[in-house]
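Read-outs: derived from the displayed coordinates by stated rules, not from any lab. These numbers were taken from a predicted model, which means no experiment stands behind them. All Cβ positions, even for glycine, are placed from backbone atoms using ideal geometry, and neighbour counts span all protein chains on display.
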Amino acid sequence: MDKIELLRGLVKENPQSSNAWYLLGSEYSEVGNYSEALKAFSEALKYCDDKTKGMVINELTKLSNAENLNKLQPEASTKVNSDETFETKPSAQNIADNIEESNETENIASEEEYNNVIPLRVIEGGKNYAVLDEKEENIKVTFNDVGGLDDLKETIKMKIIKPFVSPGLFDRFKKKVGGGILLFGPPGCGKTFMAKATAGECNANFIPVHITDILNPYLGQSALNVKDIFETARAKKPCVMFFDEIDTIGFNRSKLSSEHMRPVIDQLLTEIEGIDSSTQKLLIIGATNMPWDVDSAFKRPGRFDKTVFVPPPDQKAREAIFKLKLKDRPMEIIDYITLSKLTPLYSGADIENVVEVATENVIEEIMRTGIERPIGMNDLNTAIQMTKPSTLEWLRTIKNYIKYSNQSGLYDEVDKFINANKKLL
């Protein structure tokens, strides 16, 4: 009796033995029967522990090479003993050969098209792929890429970055590392970009969570998606989770017109701080343009410990943003100080729009006249006159909440900002 027959007998006796399935897959791989090896390794993944899991994934990665796939031999069956055979699925090469024969008859395509086999990719099951796939390829962003907002940067450094970078001092004083922070302010002022820069500063994994990663039409599945996302984040500690537009996920339960979202909100509250959950070395950042719509349970200490107002950039910040947005473009000598003075209450997105409008006008003129020229101050001044700050509507809206709904002091910083810019409003 050879090894393969012996191992097949073992997996028959104990079909949940990951080691037996792994050894059987290894034997099949050595003799070149890659299709059976793939099936054996897949079975091993169902029952293996973390140690064996790494070994199985390594073997599956080897099998995923196009060279190995091209070596798949057509086998109708694999003999285990003299009385019994096990049927195998057609290999990739069998399928390619069948297609090639039919195509040669019909003269549709050439033989070379069937030699391009796409390599396999191993994906861990049971998770939300949309969340897992996009995290690894993010380009690192730091505070150097964020124009201005120095006060906000210092607040975030003390609350988030220093506990991650220098945990010793915080451990000695029993200071919690991680937790939550809620960013709110007018749209386009850099809340999302600041969250990504925060992850880059503390060298942590960054997981952005969107409403589409959570919602599911089937009852109860949305709450399970929330649980899966947090399990993924805890497995990648230290980690920064970013909930953009958190008012869509954590909407005020007293304002809900339907009970469909309530289990999702309850599960999110439990994951951020519950009996069986922990946010140690897990930083949760939420961002919203409408803090008045976020459920009050999120805004208490222990969940979002600190609520930070992200105002429209000040003059120094606007100057820095103009420099960043005009960098590497053909331009004349630009007076950034003048530009920053001409754009009070402009958000970062508004400034980017000014630069885009000016660039578009210059390109349009070049195409009309055929004479190429750089971007000048006149072009930027014209673009500023053509635009208005998008933050005005938000600031006028929140004035009512400051007047009638600020018993907790949540909007004190906004009130100070509005009082300092009364003439512009």
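General remarks:
- Modelled label positions at Asp2 and Ser166, each set 7 Å beyond Cα in the direction of Cβ, lie 6.5 nm from each other.
- Here the calculated FRET efficiency for Thr192 and Gln16, from their Cβ-Cβ distance with R0 = 45 Å, stands at 0.50, rounded to the nearest 0.05.
- Take the Cβ atoms of Lys316 and Lys403, set R0 to 35 Å, and the FRET efficiency comes out at 0.70.
- You can think of it this way: the chain between Met386 and Lys174 has 70.9 nm of extra reach, that is 0.36 nm per residue less the Cα-Cα gap.
- Computed from label points 7 Å out along Cα-Cβ, the spacing between Glu356 and Thr142 is 2.9 nm.
- Rough spin-label spacing in nm, given labels placed 7 Å along Cα→Cβ, for Asp412 and Lys46: 6.0 nm
- Rounded FRET efficiency, nearest 0.05, which uses the C-beta distance separating Lys227 from Met55 and R0 of 25 Å: 0.35
- Potential lengthening of the chain between Glu154 and Lys422 amounts to 93.8 nm, from the contour at 0.36 nm per residue minus the alpha-carbon distance.
- Ranked Ile337, Ile398, criterion: other C-beta atoms within 10 Å, fewest first: Ile337, Ile398
- When each of Ile284, Ile272, Ile366 is scored by the number of other beta-carbon atoms lying within 10 Å, the sequence from fewest to most is Ile366, Ile272, Ile284.
- For Leu182, the residues 5 or more places off, or on other chains, whose built amide H falls under 5 Å of its own are Gly286, Lys306, Thr307, Val308.
- Protection proxy ranking of 386-397, 19-30, 38-49, by the mean of other Cβ atoms within 10 Å over each peptide's residues and highest first, is 19-30, 38-49, 386-397.
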